[in-house]
Amino acid sequence: MTGQFAGGDLSRLRQLNTLAVVHALRRQPPRTLTEVARAAGLSRPATEDVVRELETQGWVEQVDPAAGTMGRPARRYRFRADAGWVLGVDIGGHTVRAIITDLDGSTQFGTRQPVSPEAGRVDRLAVVDKVVAECLAGAGRKGSEMWATTVATSGLVDAAGRVALSVALPEWTGLHLADHLRRQVSGPVLVENDSRLAALAETWRGVARYARDVVYVLAGLRTGAGLIIDGRPHRGFGGAAGEIGVLPEMGWIRAQDHLRDWSGAPDGTDPDDMAGFVFAAAREGDRQALAIVRRYVKDLALGTSALVLALDPQLVVVGGGFSRSADVLLEPFRRELDKRCVRTPEVLQSALGEDAVALGAVKHALDHLERHIFDPGSGLAAPEAPAR
């Protein structure tokens, strides 16, 4: 194989060999040099040379022999997932969440703080800063140790990390979120739509792990959608894919308003808290509540049906705050889809609950590293925090 490379190509060959060893060790139990060589498709001497260099760089470490091992055990090595860290931040209408994981996606720490739905840009960003600082402290990490960060927000975001349009959060349109987060963390800062990231999380650790084409419906105080096509989040040309709710004819703008019409809630109930009372009453068979739920579900299903007819997905996942009442919502939702769709896909409740968006942000950051560090097209970087 070496004879096919000359001059500068030898460094490329070594880079490819290094990546082969890394992939042979990542997300695997500790392996001996012989096992690594077999998995990487390299000779044992070449593997030993690469492993020695990776040890020096901090990517790989030798594992102590198991207790009770007789004789001289073969050396075993593992990939150091803790050589780097990623941060996922979910900026919601009522809550800001953050999660830090290692390079294999194992959560090190997560935290959240409430925020007023009416909070303006300055106040909401102050909560974001507080949550990120608390998450870093809880994980025992510094911002300079983050290799990549993804921030989730409602609305449309451009490739530079600027919120191009958001109607859900006050004073949010035009905000350059990536620039703001770069004050606290190193490495690339990516910004993405929250529904799209929730859909990604479901394909990673949720109910959609087996599916390649998914429509994720955010059912809560606002309604949105995230699309997975052929296993990848679909943004569209300008990042507006899935924004079918902007069409008044689809009913998503008014859907939540039905749940505020119920008269059975205690006096003084915040309109944003009304849905929980409606779903509870419907669960008990209250006729008025059941009628309200049907009106809500009809509007929810209208926009979803348009997406299903366009994409023919394998699965529809219902997430968001209202998905906690899936026992009340899903069956009438399926019936409404049956009325409109040529083929109704399987419909499932989200398995990730309130952490879906933050987990999707983490996965998005990990995927970025996968493309830019662990991909043979770009090569392996040294395991140290990117410079500010």
What FRET efficiency do you get for Gln314 and Arg52 if R0 is 41 Å and r is their Cβ-Cβ distance, rounded to the nearest 0.05?
0.35
With DSSP loop assignment and no more than 16 other C-beta atoms within 10 Å, the GluC sites (Glu not before Pro) in region 132-227 are Glu171
Contact order relative to length of the chain, as percent, for alpha carbon pairs under 8 angstrom and 6 or more apart
17
Each residue of region 274-282 in order: what ³J(HN,Hα) in whole Hz does its phi give by Karplus 6.51 cos²θ - 1.76 cosθ + 1.60, θ = phi - 60°, with x for Gly and Pro?
5, 4, x, 5, 4, 5, 5, 5, 4
Considering only DSSP beta bridges with both partners in region 14-158, what is the antiparallel share in %, to the nearest 5?
75
After finding the eigenvalues of the alpha carbon gyration tensor for region 230-359, what semi-axes result from the square roots of 5 times each, listed largest first in whole Å?
27, 16, 15
Rounded to the nearest 10 degrees, what's the angle between the helix 9-25 long axis and the longest principal axis of the chain, both from Cα atoms, 0 to 90?
60
Compactness relative to 2.2 N^0.38 Å, alpha carbon Rg of region 198-278:
1.37
Calculate, in nm to one decimal, what Asp272 and Arg335 gain on full extension: separation in residues at 0.36 nm each, minus their alpha carbon distance.
20.0 nm
Can you tell me the 0 to 90 degree angle between the C-alpha axis of helix 326-340 and the longest principal axis of the chain, rounded to 10?
80
From the gyration tensor of the Cα coordinates in region 36-148, what semi-axes in whole Å does the equivalent ellipsoid have, largest first, with each one equal to sqrt(5λ)?
43, 14, 11
Label model pair Val342, Arg283: point-to-point distance (7 angstrom along the Cα→beta-carbon line) in nm is 3.9
I need the calculated FRET efficiency for the pair Gln28 and Asp230, taking r as the beta carbon distance and R₀ as 30 Å, to the nearest 0.05.
0.65
Given 5 Å bins starting at zero, what is the percent of C-alpha pairs of region 285-332 in each, up to the one with the largest pair distance?
5, 18, 27, 25, 15, 6, 3, 1
Between Asp104 and Ser116, how many nm apart are label points set 7 Å from Cα along the C-beta direction?
4.5
Given (i) 1.14; (ii) 1.01; (iii) 1.10, which label gives Cα Rg over 2.2 N^0.38 Å as computed from the coordinates?
(i)
One finds, for Arg12 and Asp64 with R0 = 25 angstrom and r their Cβ-Cβ distance, a FRET efficiency to the nearest 0.05 of 0.10
Given backbone amide H placed at 1.01 Å from N, residues whose amide H is under 5 Å from that of Tyr77, ignoring those fewer than 5 places away on the same chain, are Arg31, Thr32, Val63
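Every number here is computed from the coordinates shown, using simple stated rules; none is lab data. What you see is a predicted model, and the numbers here were worked out from it, not measured in a lab. Positions of Cβ are backbone-derived with ideal geometry, glycine not excepted, and every protein chain shown enters the neighbour counts.
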